[in-house]
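Participant: Next up is a structure, given as structure tokens.
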Amino acid sequence: MKTLLSSRPVLWFLFLFNLVVAAAAPFAVDGTQGVMTGAGMGAVSLGAGAALLRGRAQRQHG
């Protein structure tokens with residue numbers, strides 16, 4: 001499962017999908033639930049983006 005989640009296509013999907021949902025959630029869901037959904041999905045998107053950048057840096061140096 002770790003190999004699947006760390007593959008580049010899956011990381012790109014997680015990054016882009018969660019970024020879109022994080023941006024749309026506060027408008028689609030009212031109140032605190034929308035804000036918290038946006039924050040949670042944003043955190044997942046940032047994590048996937050960081051993993052993509054880390055993988056890119058490793059490929060350039062190694």
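Participant: Which of these, G40, G49, G31, has the largest mean-square fluctuation under a Gaussian network model of the chain (Cα springs below 10 Å)?
Facilitator: Sorting by GNM fluctuation, first place goes to G31.
Participant: Now for a separate question. Which percent of the accessible area of the chain is formed by carbon and sulfur heavy atoms (probe 1.4 angstrom)? All intermediate terms of the calculation are to be shown ahead of the outcome.
Facilitator: On the way: 3300 of 4640 Å².
Accessible surface attributable to carbon and sulfur in the chain totals 71 percent.
Participant: Ok, one more. Of A28, A50, A39, which has the largest mean-square fluctuation in a 10 Å C-alpha GNM of the chain?
Facilitator: Between A28, A50, A39, it is A28 that shows the largest mean-square fluctuation.
Participant: Averaging sequence separations of C-alpha pairs under 8 Å and six or more residues apart, then dividing by the length of the chain, give the relative contact order as a whole percent.
Facilitator: Details: 49 pairs, mean separation 23.5, N = 62.
It comes to 38 percent, rounded to a whole number.
Participant: Taking only protein heavy atoms and a 1.4 Å probe, what accessible area per residue, in Å², does the range 8-57 have with all protein chains in place? Provide the component values of the computation, followed by the final result.
Facilitator: On the way: 3250 Å² over 50 residues.
Per-residue value: 65 Å².
Participant: Subtracting the Cα-Cα distance from 0.36 nm times the residue separation, let me have the gained length for H61 to Q33 in nm, one decimal. Could the numbers behind the result be given before it?
Facilitator: Working: separation 28, 0.36 × 28 = 10.08 nm, distance 4.22 nm.
The H61-Q33 span can extend by a further 5.9 nm.
Participant: Here's a follow-up. Over all directions, how big on average is the projection of the convex hull of the alpha-carbon atoms in the chain, in square nanometres? Write out the running numbers ahead of the final one.
Facilitator: Values: hull surface 17.8 nm².
Convex hull of Cα atoms, orientation-averaged projection: 4.4 nm².
Participant: Counting only helical runs of four or more DSSP H residues, what would the 222 nm mean residue ellipticity of the chain come to if each run contributes -39,500 (n - 2.57) and the total is spread over all its residues?
Facilitator: Working: 3 runs with 56 residues, N = 62.
When only DSSP H runs of four or more count, the value is -31000 deg cm²/dmol.
The values are calculated or read from the model by the stated rules, or taken from the named source; none is laboratory data. It should be emphasised that the depicted structure is a prediction, and the values quoted were computed from it without experimental measurement. In case anyone asks, the SASA skips ligands and DNA or RNA and just uses the protein heavy atoms, side chains included. Shrake-Rupley method; radii C 1.70, N 1.55, O 1.52, S 1.80 Å.
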